[in-house]
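Colleague: Provided herewith is a single structure, encoded as structure tokens, for subsequent inquiry.
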Protein chains: 2
Amino acid sequence: MIAQLDREQIDDLLRAQVVGRVGCHADGLTYVVPVIYAYDGEAFYVYTVEGQKVRMMRANPRVCFEVDEYEAGSWRSAIVQGRYEELDGAEAERALARLAERFASRAGGRRPRAEGTPVAFRIVIDEITGRAVRRESPT
Amino acid sequence: MIAQLDREQIDDLLRAQVVGRVGCHADGLTYVVPVIYAYDGEAFYVYTVEGQKVRMMRANPRVCFEVDEYEAGSWRSAIVQGRYEELDGAEAERALARLAERFASRAGGRRPRAEGTPVAFRIVIDEITGRAVRRESPT
């Protein structure tokens, strides 16, 4: 059984999960990479270090962001089309604060630790879809 | 601490996990979607139904495949550059058998159930990288 999630159900998933995957594309290469995020209902906030994903998203800011949850054969997933926006100054500080707050509230919460040139960014949602797939009981 | 995984460590991760994400790109759109897979050391086998990801991979078979594991602040992840190959006849049957075997061996294992036109495909590995990130202990 496949069901579309409404926005409230999608938001529940996005607030419950902590790991998402950014999909980006530049120069003929598609790249998918996991990130830890905070979510405020309009955008995903990420704190990372300069590297392949940042270079690619600077070259082509049209990205996909994906979050899923798989348990005992059932899925919930959300797929976002969005725009990469790099943050600096006060905006970068706010992103870091959101992430610190998000992770401080979890067991084993840790402040992100940079190894390399730190980069804060957000992915602003243009379009979002979600679905749930419930498999039949085992036979 | 960030460490590169060697191929044996990557294979351990790929055999332990069951959910990966396909990243594909066509007509200016990048799309990331979760799939359940079986892995034989050279390719990922997926059984799905026709839809957006299949249409996009038919248009552009150069895809990314991503698997990750996040636990208590530590990561392992593998990122694959690969090629989409659609399977039919005996090859599709073999893919389905691999998946059935993979999931029969897990608690709650289920046979994939199609809703729509079924499609079996594999993603053949061209290049694979893996990394582990271990965060510092909470302070």
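The values are calculated or read from the model by the stated rules, or taken from the named source; none is laboratory data. Since the structure is predicted, the reported quantities are computational estimates derived from the model, not experimental observations. Cβ atoms come from the backbone with ideal geometry, glycine included; neighbour counts cover every protein chain shown. We work out accessible area using only protein heavy atoms, side chains counted, and drop any ligands, DNA or RNA first. Shrake-Rupley method; radii C 1.70, N 1.55, O 1.52, S 1.80 Å.
Colleague: What is the angle, in °, between the Cα long axis of helix A:89-104 and the longest principal axis of the Cα atoms in chain A? Nearest 10 is fine, range 0 to 90.
Modeller: Here the helix axis deviates by roughly 40 degrees.
Colleague: Now a separate question. How much net charge surrounds B:Pro34 when only the other residues with a Cβ under 13 Å from the Cβ of B:Pro34 are counted, with Lys and Arg +1 and Asp and Glu -1?
Modeller: Numbers: positive: A:Arg21, A:Arg76, A:Arg131, B:Arg21, B:Lys53; negative: A:Glu66, A:Asp68, A:Glu69, A:Glu71, B:Glu66, B:Asp68.
Spelling it out: positives minus negatives among the neighbours equals -1.
Colleague: What is the angle, in °, between the Cα long axis of helix A:7-16 and the longest principal axis of the Cα atoms in chain A? Nearest 10 is fine, range 0 to 90.
Modeller: 60 degrees
Colleague: Further question on the same structure: Could you pull the copy-to-copy label distances for A:Met1, with points set 7 Å along Cα to Cβ, in nm to one decimal and sorted shortest first?
Modeller: Ordered by increasing distance: 4.7 nm.
Colleague: Another one. In the stretch B:24-67, which residues become less accessible by 50 Å² or more once every protein chain is in place, relative to the chain on its own, using a 1.4 Å probe?
Modeller: At a threshold of 50 Å² (probe 1.4 Å), the residues of the stretch B:24-67 that become less exposed are B:His25, B:Thr30, B:Val32, B:Pro34, B:Ile36, B:Arg62.
Colleague: At a Förster radius of 41 Å, what calculated FRET efficiency corresponds to the Cβ-Cβ distance of A:Tyr70 and A:Ala90, to the nearest 0.05?
Modeller: Details: r = 38 Å, r/R0 = 0.92.
FRET efficiency, A:Tyr70 to A:Ala90: 0.65.
Colleague: Calculate what fraction, in whole %, of the accessible area of the stretch A:3-133 sits on carbon and sulfur atoms when a 1.4 Å probe is rolled over the protein chains.
Modeller: Whole-percent figure for carbon plus sulfur exposure: 43.
Colleague: Got the B:Asn60 label distances to the other copies yet, label 7 Å along Cα→Cβ, in nm, shortest first?
Modeller: Copy-to-copy label distances for B:Asn60: 0.4 nm.
Colleague: Compute the label-point distances linking A:Asp88 to its equivalents in the other copies; points lie 7 Å from Cα along Cα→Cβ; give nm, one decimal, shortest first.
Modeller: Ordered by distance, the counterparts are at 5.4 nm.
Colleague: If each residue of separation counts as 0.36 nm, what is the full-extension length gain between A:Val49 and A:Thr117 once their alpha-carbon separation is subtracted? Intermediate values should be presented prior to the final figure.
Modeller: Values: separation 68, 0.36 × 68 = 24.48 nm, distance 0.52 nm.
Between A:Val49 and A:Thr117, full extension yields 24.0 nm more.
Colleague: So, one more: Dipole size in debye (nearest 20) for the stretch A:3-133 around its Cα centre, Lys and Arg Cβ +1, Asp and Glu Cβ -1? Display every interim value, and only then the final one.
Modeller: Numbers: 18 positive and 21 negative charges, 75 e Å.
Dipole of the stretch A:3-133, to the nearest 20 debye: 360 debye.
Colleague: Ok, one more. Give me the percent of Cα-Cα pairs in the protein assembly as shown that sit more than 33 Å apart, rounded to a whole number. Mind showing how you got there, number by number?
Modeller: Details: 7064 of 38503 pairs.
Tail fraction, whole percent: 18.
Colleague: Continuing with the same structure: Residues of the protein assembly as shown: accessible area per residue at 1.4 Å, in Å²?
Modeller: Per residue, the protein assembly as shown has an accessible area of 49 Å².
Colleague: Using a 1.4 Å probe and counting only protein heavy atoms, how much accessible surface gets buried when B and A come together, both sides summed, in Å² to the nearest 100? Walk me through the numbers on the way to the answer.
Modeller: On the way: alone 8480 and 8480 Å², together 13570 Å².
Chains B and A together bury approximately 3400 Å².
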